[in-house]
Amino acid sequence: MSSSPQQTPASSPAPRIAFIGGGNMASAIIGGLLRSGHEAARLAVVEPYAPQRDKLRQDFPGVAVVAQADSSLGEADLVVWAVKPQMFGEAAAPVQGSDTSLHLSVMAGIRSEAISQATGSARVVRAMPNTPALIGQGIAGLFASAAVSAADRQLVEAVLAPTGRSLWVAAEADLDAVTALSGSGPAYFFYMVEAMMAAGVEMGLPAGQARELALATCGGAAALGMQSQETPTVLRERVTSKGGTTYAAITSMDTDGVGAAIQRAVRAAQRRAVELGDEFGGAAASGTGKH
């Protein structure tokens, strides 16, 4: 008895994703999705600023770009919140009500409870990405509310994958530390590069060469650290011969308290992240955020 050929099931359609806010981070995610083959027709962006809407339409043909959100967002499989924290209350007002969509927030400070209260959905994932996501080299800390399923987590990971790496934290409060360490971290890096470049110019190098040397050195050191099994302390010590040039630089930084100053700076960023959550998280939940 011959068996009839089996039907190959049709592949599931790409998820429908709506972005609230069309700035740099939303654009990084949209661009990554399109490069990975996501259908433009299944993406939509709400962007109230007309010049940015024009830019989005130019950069991402086929993606729906509108000025204001409405209740049709409930049809999306995933809603990505990418507005400034102080604008969340206003942006969420048109979609308040009963909503069961999965919501992904890349907003600093707005806590998952506030997002749930504003949207009506208990399925909320908070992400804290960083600007290297613009070139696919970012890293995002993720926190999921209790109602988020394993399939929801996989969807979020897939959406963010083109922008870089991601990791899940166990407690929402940990996102404040992620914000301070990696969310704000690129600014610390460029602050260091600025100082190295200035020193290079002061020592007589052309500005272009100082820039290239500083960036290539920092980028190479970061790549070495990522690939090595050794700790950063060991890697530093291998470059620091007692009495040598690196030893002189490290001794100078230790004398100036640079290490302690960096730790204080990161903790200051963490405290500000907590303050933003207290300020905008509570305000957004009631729809009365400061503008």
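The values are calculated or read from the model by the stated rules, or taken from the named source; none is laboratory data. Here the structure is a predicted model, which means the values were calculated and not measured. Here the Cβ positions follow ideal geometry from the backbone for every residue, glycine too, while neighbour counts run over all protein chains shown.
Checking the structure you have, find out if any residue of region 147-158 is within 12 Å of the chain's Cα centre (by Cα) and of a type in the set (Lys, Arg). There is no residue in region 147-158 that is within 12 Å of the chain's Cα centre (by Cα) and of a type in the set (Lys, Arg). At least 2 residues being modelled with pLDDT of 95 or more and of a type outside the set (A, V, I, L, M) is the threshold, and among the strands (runs of 3 or more DSSP E) wholly inside region 121-169 those reaching it are 138-144, 164-168. For region 58-95, filtered to residues that are outside any helix (DSSP H, G or I) and modelled with pLDDT under 90, the residue that is nearest to residue 133 (Cα to Cα) is 84. The set of residues in region 122-145 that are in contact with a Gly (Cβ under 9 Å, 6 or more places away or on another chain), crowded, with 20+ Cβ neighbours inside 10 Å and over 14 Å from residue 178 (Cα atoms) contains only 133. The residues listed here are 5, 15; of these, the one that is within 25 Å of residue 118 (Cα to Cα) and either crowded, with 16+ Cβ neighbours inside 10 Å or modelled with pLDDT under 95 (or both) is 15. On inspection, residue 73 passes the criterion of being over 21 Å from the mean Cα position of the chain (by Cα), surrounded by 16 or more Cβ atoms within 10 Å (Cβ to Cβ) and not charged (D, E, K, R).
Within region 17-31, residues that are under 12 Å from residue 129 (Cβ atoms) and in contact (Cβ under 8 Å) with a residue 40 or more places away in the chain have Cβ atoms under 7 Å from residues that are part of a strand (DSSP E or B) and among the aromatic types (Phe, Trp, Tyr) in these pairs: 26/19, counting only partners at least 6 apart in sequence or on another chain.
Could you list, in sequence order, all residues of region 41-57 that are over 22 Å from residue 13 (Cα atoms) and in a helix (DSSP H, G or I)? Selection gives 50, 51, 52, 53, 54, 55, 56, 57.
The one condition from (1) closer than 15 Å to residue 25 by Cα; (2) free of Cβ contacts under 8 Å to residues at least 12 places away in the same chain that residue 154 does not meet is (1). Take the residues in region 96-120 that are outside any helix (DSSP H, G or I) and hydrophobic (A, V, I, L, M, F, W, C), then tell me which one is modelled with the lowest pLDDT. Taking the candidates together, the pick is 108.
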